[in-house]
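Notes follow once the structure below has been shown.
The values are calculated or read from the model by the stated rules, or taken from the named source; none is laboratory data. Values in this document were obtained by computation on a predicted structure and should not be read as measured data. Don't worry about glycine lacking a Cβ; one is built from the backbone with ideal geometry, like all the others, and counts go over all protein chains shown.
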């Protein structure tokens, strides 16, 4: 029966394209597990097939418990080990997180089986009136539990996407600031994660820490003047001391973030040397976190093989020669040897860069521009404030399933960067093809919450239909008499679509201002960034509020 069930499941899931060894495993594993468990079951004294001897229920409890537990452990562990071997993950972690809760299903099935074989030697139609409800209750309970697990996993996935987008935002700020090394952090990330796996790092949390640290290891460069970062000649001693601060400054900035894995130590120590001559703390050998040892090697290799202001790029062979010269002095010998062996395998694709878009435009505001009147250090501070605000917004949104609270969080963080009189967050209702004002913050909040705008009409409707922002249009085109009644007079509005991906419309974020100078291009970039950052959270809040 177990073998037949396995066959049905395999063909139900379409075996086309699946490896032959996996099909064989899926057939054999449950059958072998059940055969071993059944053999142990019949080793208990007094246990015989029911065709020969009826066993009282009291005598059946211990053998049946052993049979069920052994069948569950063998079946689940065989699968966990197979998955672990294919994915290079810990079988124990896989089993504990994905299979332990299934034991309830096994034991509930065993309980029903015990009742059937003990009290119903012949399965009469009337017996179905007792058995079927038990099976239905068991199935519904299991399905409900699975639904909750699926909802929980979906929520965690959404939070993870928010978290990753925050990291991407911070990474783009770093990458955009240092134009000479543009794309460096993405390449380093590819090298670092690949090298970690080849060295033997299997801890998923440590892999994620290395992945995030590779993107954020140069966070401290936000505090380094750009004339130092992009200097075409050799740095002076004082300039180098300022450059060295980026490791500890970056770690200090990131220490305010509650990372679920050890990112900060990797960022702080990625310039430590194997012999203890590095910075910022001078630790040596295996006292340096393995993630930092990996990052330092791949960071150096990518720097050597990239064009820099003070020299052209080196060939891979020349860069490897330099790594071997520093082996045992600056770098962990094991890490250097492994990297030399696998660097062509783990090399990221040529030209891989961070994704562009609204967030990329935001980070460009911290670059040096000929048209700006701000001194470099103030420019750095202004850009850093925008990035920190975006990060804090993402953190706050991760814990706001309520629609009202989500809207309050968005407007609160927007107000730190963009001046406005009030803001409206419209939801797109695909059933009516309208924008519905779901949240408003400001003096007209109470009058605009019931506002509905057909798709394509007024300003916000046009923005929704065309997936394109509008800057400094007349608010009366959007609000009509409401705008005329507002005092002081509303003079401009900034409206931006809230999109998931490139096309999925969630809603529109519209700001209204009384200032005569209106909104700037920087304001538009910020609002676009906030809209992109908030899209998933806004969608989740809508679903949560209307369940």
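A few points about this structure:
- Residues of segment 90-118 that turn out to be closer than 30 Å to residue 197 by Cβ, part of a helix (DSSP H, G or I) and in contact (Cβ under 8 Å) with a residue 60 or more places away in the chain, as a count: 1
- One residue from 524, 532 being surrounded by fewer than 24 Cβ atoms within 10 Å (Cβ to Cβ), within 15 Å of residue 393 (Cβ to Cβ) and assigned by TED's automatic domain parsing to the domain that holds residue 467: 532
- Among residues of segment 441-455 being in contact with a helix residue (DSSP H, G or I) (Cβ under 7 Å, 6 or more places away or on another chain) and at pLDDT 85 or above, the one that is surrounded by the most Cβ atoms within 10 Å (Cβ to Cβ) is 453.
- The listed residue being over 33 Å from the mean Cα position of the chain (by Cα) and in the same structural domain as residue 188 (by TED's automatic domain parsing), out of 314, 304, 295, 334: 314
- From the options 479, 505, residue that is without any contact (Cβ under 8 Å) to a residue 60 or more places away in the chain and either touching a strand residue (DSSP E or B) at 6+ places or on another chain (Cβ under 8 Å) or buried (at least 18 other Cβ atoms within 10 Å of the Cβ) (or both): 479
- Screening residue 317 on (1) without any contact (Cβ under 8 Å) to a residue 40 or more places away in the chain; (2) closer than 29 Å to residue 204 by Cβ; (3) outside any loop (DSSP other than H, G, I, E, B) shows it passes everything except condition (2).
- Evaluating residue 178 against the criteria (1) modelled with pLDDT of 85 or more; (2) not assigned by TED's automatic domain parsing to the domain that holds residue 333 leaves one unmet condition, (1).
- Taking segment 189-268 and the helices (runs of 4 or more DSSP H) fully enclosed by it, the elements with 3 or more residues that are closer than 24 Å to residue 345 by Cβ and not assigned by TED's automatic domain parsing to the domain that holds residue 84 are at 204-216.
This table checks each residue for (1) more than 19 Å from residue 465 (Cβ to Cβ); (2) touching a helix residue (DSSP H, G or I) at 6+ places or on another chain (Cβ under 9 Å); (3) not in a strand (DSSP E or B).
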{"residue": "495", "(1), (2), (3)": "no, yes, no"}
{"residue": "498", "(1), (2), (3)": "no, yes, no"}
{"residue": "515", "(1), (2), (3)": "yes, no, yes"}
{"residue": "522", "(1), (2), (3)": "yes, yes, yes"}
{"residue": "529", "(1), (2), (3)": "yes, yes, yes"}
{"residue": "534", "(1), (2), (3)": "yes, yes, yes"}
{"residue": "538", "(1), (2), (3)": "no, yes, yes"}
{"residue": "541", "(1), (2), (3)": "yes, yes, yes"}
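- Against the numbered list (1) part of a helix (DSSP H, G or I); (2) modelled with pLDDT under 90; (3) surrounded by fewer than 14 Cβ atoms within 10 Å (Cβ to Cβ), residue 365 comes up short only at (3).
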